[in-house]
Structures are given as structure tokens and as C-alpha cells.
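The values are calculated or read from the model by the stated rules, or taken from the named source; none is laboratory data. These numbers were taken from a predicted model, which means no experiment stands behind them. Please note: Cβ atoms are built from the backbone with ideal geometry, for glycine as well, and neighbour counts cover all protein chains shown. What goes into the accessible areas is simple: the full protein's heavy atoms, side chains included, and nothing from ligands, DNA or RNA. Shrake-Rupley method; radii C 1.70, N 1.55, O 1.52, S 1.80 Å.
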Amino acid sequence: MSDVKAVVRVEHPDIVLTGAVTHDRSSEVKSVSEAGTDPTSGKFFYHIESADFRQFEDGLRTDSTVGEFERVIEIGAEKAIYSIEYTDDAKILSPVISAANGVILDMENDGRAWILTVWMPERTDLVQLWDYAQGNDIDIELLRVNEYDGLGETDAGLTESQREALLVAVEAGYFEEPRNATLGDVAAALDISQPAASGLLRRGIKRLVVSSLMDAGDGTN
């Protein structure tokens, strides 16, 4: 197969949320890809870890890439889900990747830079991302490409929350026959609702299957 999974590092002060994470150096930001985007509201969802949410929200208010924002739900003392609306000043890479029929599988900050895990149908489609970056003075670096290894050595396209949910389920005995744990037990261990836990497990299993099939198609197994 010619499709690839690439991990790239990008940096520019106008990439969305850069101002906020610069203001709050304790913050760690990851996209909540399983939440998707509300096409009618233009809201994007992010999983935020911060030692001080007031500091982070002060950064959001002064970040020129951020319009409206809302702390949707808190998950413990230093974790929360935020919805973010972008301004016209924001440099957004997802439309460029979508135009190449690609998908951003994951996005997280590395200080004031961003690490993107991107799937593209063709290796040559990465050129469109590079052209956009160079045309907009965005620093871009290719970290890895087309790495399809065993689950113990790669994320297999999983988000961190999906990986955590699957590992908790395995350790609890959710996949045993008969089951040693219920979906409610897994949800309680993750401190989330049962529907949310079910969604994480379902999407995580799907990604593992897709990754395994890609491996087989590439002849790497």
C-alpha cells in the first residue's frame, strides 16, 4: 500500500492555541479526535492538562487564534475538556490535510510547538502540507513516517485516551471469557461515563484492526 502515517513537528506563533500554551508553560494539550467537530458551531475539542486552569484561561483570552472557549468538563484536579472556536488569525493545518484526503489522527503540544500524527493516502500528498508550511513561514520537521510496528512499540494510531481505555480494560479482565469486569468497572477506573468508555473501546479496537490490516497489506508482518 502507498498510504502513510507520518509524525511531524510544526511551530509558528499563529498555530491555534500556541499563545495559550506559551502563557501557561505547565499546560499539555491534545486534540480529542473521537469527539469530532460540530460543523454548525465550529467548535473543536481539546484535552487539557494544567497545573493552573486560571493561568491557561488567561492565555486563551489573550491568544489571537482563539475566539470563544468553554471548559466543558473537568476530569480530576488538573485535567479538563475544552471546546475552542478559532479566529481568522489562526493558522489551521487540518483543512490542508483534508484537501489532500488525509486525516489528523492526533495533535499535541511540545512546548510551543505541535506534534501531528497524520495519515495520508499517498506519500506524495505530504508535499501539500510542506508547501503550505513553507508558504506561511511555519517551521516543519518530519519525525517519523510509515511506522507500523507491534502495539508495544507504537500507538497504532490510537489516541492516548483510547490506549489508556484499552489497557485498563485488558488489566481489569473486560475481554476475558467470561468477563471479569463490566463496562461500568472500566468506566469507573477511567473516571468517565459508561457511554464514553464504550466509545473509546469501540474506536480503539477499530484503529487496532485498521492498523493491523495496513501492516498486512504492506507486507511488514
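Things worth noting here:
- Counted charge near E108, where neighbours are those whose Cβ lies closer than 9 Å (Asp, Glu -1; Lys, Arg +1): -3
- Each semi-axis of the equivalent ellipsoid for segment 7-139 is √(5λ) with λ an eigenvalue of the Cα gyration tensor; in descending order they amount to 25, 16, 14 Å.
- Charge tally in the Cβ shell below 12 Å around R9, where Lys, Arg are +1 and Asp, Glu are -1, R9 excluded: -3
- For segment 4-147, the solvent-accessible area with a 1.4 angstrom probe is 49 square angstrom per residue.
- Anisotropy class of segment 80-151 from Cα gyration tensor, a/c 1.5 cut: oblate
- Approximate spin-label separation R112-I205, in nm, with each point projected 7 Å along Cα-to-Cβ: 4.5
- Modelled spin-label separation between D139 and I104, with each label point placed 7 Å from Cα along the Cα-to-Cβ direction: 1.9 nm.
- One decimal place: the segment S198-W130 gains 20.8 nm when fully extended, by the rule 0.36 nm per residue minus the C-alpha distance.
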